[in-house]
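What follows is a short report on a single structure.
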Amino acid sequence: MADILWKMGAMLSSDHSSVVPINLFVALLCACIVIGHLLEEQRWMNESITALAVGLCTGVVILLTTGGKSSHLLVFSEDLFFIYLLPPIIFNAGFQVKKKQFFRNFMTIILFGAVGTLISTAIISIGATHFFKKMNISSLRIGDYLAIGAIFSATDSVCTLQVLNQDETPLLYSLVFGEGVVNDATSVVLFHAIQSIDLSHINSSIAAEFLGNFLYLFISSTILGVLTGLLSAYIIKKLYFGRHSTDREVALMILMAYLSYMLAELFYLSAILTVFFCGIVMSHYTWHNVTESSRITTKHAFATWSFVAEIFIFLYVGMDALDIEKWKVVSDSPGTSVMVSSILLGLVLVGRAAFVFPLSFLSNLTKKFPYEKIDIKQQVTIWWAGLMRGAVSMALAYNQFTRSGHTHLHGNAIMITSTITVVLFSTVVFGLMTKPLVRILLPSQKHTASMLSSEPSSPKSFAVPLLNRQDSEDNQASHNVPRRTSLRMLLSTPSHTVHHYWRKFDNSFMRPVFGGRGFVPFVPCSPTDQSVHQWQ
């Protein structure tokens, strides 16, 4: 009996010891939200920087109270980041995106996000190989150098969402936002492709295999996300759960969104791309097939989960930056660590400039109207907005250079600490300077954007639907404008031509099958039942 009581007491004390850090972490999340609200007027001080600052201050306090033994409340876990925190952020980005503006610039976004990431990865990898070999950093192999390129080519898609206001700068916001998501997905796909191939003897066949794996992952992940979104739309349209319980259709939307991410992980695909395009498809079809109350609920739920996950990530990154175990390994060579961080920052600057300006020039060649082209001030803004590195880079660096968040290899420890330094410096310094820089480069952008943008308010605004009356009026007006369908039109304005044919296909086949705005059949007590709104 005494042994049983002692074991029960030990279990209770163990459970209580794990509850304490969770309570503190939740309290810190609340503090970040409150501080972020108080700093709302200071547009240069976004939630990411606020959470980083709170995390750093908390790490210092924990270091002092533990006698320098620890600086964080929770142990870093890649599963926690990739399985639980990243999915709601990326899905909400796809769910809330303004699809017309996104797909209008789709080719430019793919050019920046996919081709640009490949160029940046190559430049950073070559530069790291050249400089680090001269510095005689041990334990780094060719696969590590290529992985470094993929790690530091991943821009922070969370931070880039707060760089620009899409109502003031619709073109820039669309490009920066779209590139951020595609860039993260491309970097992760590249990283896993590098890890899956034997790079000890590189030849043309291995290079072709690498390119084939990359294209396979990219295309398959997109198709999986689209199919999962269409399946959710078809099920909800045919069965219409809302006639009995709105909770069921809300739960089905949430679970199907998460299922798309986990299916991609199951089949070793890019889960980021999958859940992003699943969000786009669900906002275009599924969201219009549910009741009005479910629409409001899902928009609030997805945005809230994304918001909390963003704060959680940056709060933890701030605390983990002071992890004493990582810094002890490189304490004997602080100059080397500073030099590596400086070289990586320089390579990030050069690698991004190497593709933003040339690819912008190529993109402008395909644009017919002047307001569709990216001028030099906008190119500088795009280049600067993508300089920040964040949690994706941290997670990939942990995956490549540590085991369970710890390493005792000198070269690996230098890469981990340098990654932390680059993430903190780029997020805080570049993040603080971004808003003033935009105001200097684009002082009159707000007035111009209001005249050129054909889309209404921010997707984070819950006062209007994702596709509202103004959008539908634009659609009706577009049918009255005669369109050329010649090959010349396709070559001169490819995005507009593809959008025209897609809209015809969407209205003729997709929406009648999968539902969507204006194509939901009448069902009693459904969103199309006008009597419901009359009683309300």
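The values are calculated or read from the model by the stated rules, or taken from the named source; none is laboratory data. A quick note: this is a predicted structure, and the numbers were derived from the prediction, not measured. A quick note on method: Cβ atoms are made from the backbone with ideal geometry, for glycine too, and the neighbour counts reach across all protein chains shown. Surface areas here come from the heavy atoms of the whole protein model, side chains and all, with no ligands, DNA or RNA. Shrake-Rupley method; radii C 1.70, N 1.55, O 1.52, S 1.80 Å.
Using the Cβ-Cβ distance between N203 and L227 with R0 set to 45 Å, the FRET efficiency works out to roughly 0.80. Fraction of C-alpha pairs exceeding 22 angstrom in region 193-345: 61 percent, rounded to a whole number. Within the accessible surface of region 305-435, defined with a 1.4 Å probe on protein heavy atoms only, the carbon and sulfur portion equals 71 percent. Simple point charges give the picture: +1 on the Cβ of Lys and Arg, -1 on the Cβ of Asp and Glu, and for region 78-441 a dipole about the Cα centre of about 900 debye.
Here the alpha carbons of region 78-441 define both size measures, Rg and Dmax, at 20.8, 69 Å.
Based on protein heavy atoms only, region 78-441 ends up with 37 Å² per residue of surface accessible to a 1.4 Å probe.
For the pair L349 and R503, label points projected 7 Å from Cα toward Cβ lie 4.5 nm apart. Here the Karplus curve 6.51 cos²θ - 1.76 cosθ + 1.60, taken at θ = phi - 60°, turns the phi angles of region 22-27 into couplings of 5, 4, 5, 5, 5, 4 Hz, with x standing for Gly and Pro.
Computed over region 306-404, the percent of Cα pairs more than 20 Å apart is 58.
Rounded to two decimals, what ratio of Rg to Rh does region 355-406 give with C-alpha atoms and a Kirkwood Rh? Answer for region 355-406: 1.29. With both labels modelled 7 Å from their Cα along Cα-to-Cβ, the S342 to K134 distance reads 1.3 nm.
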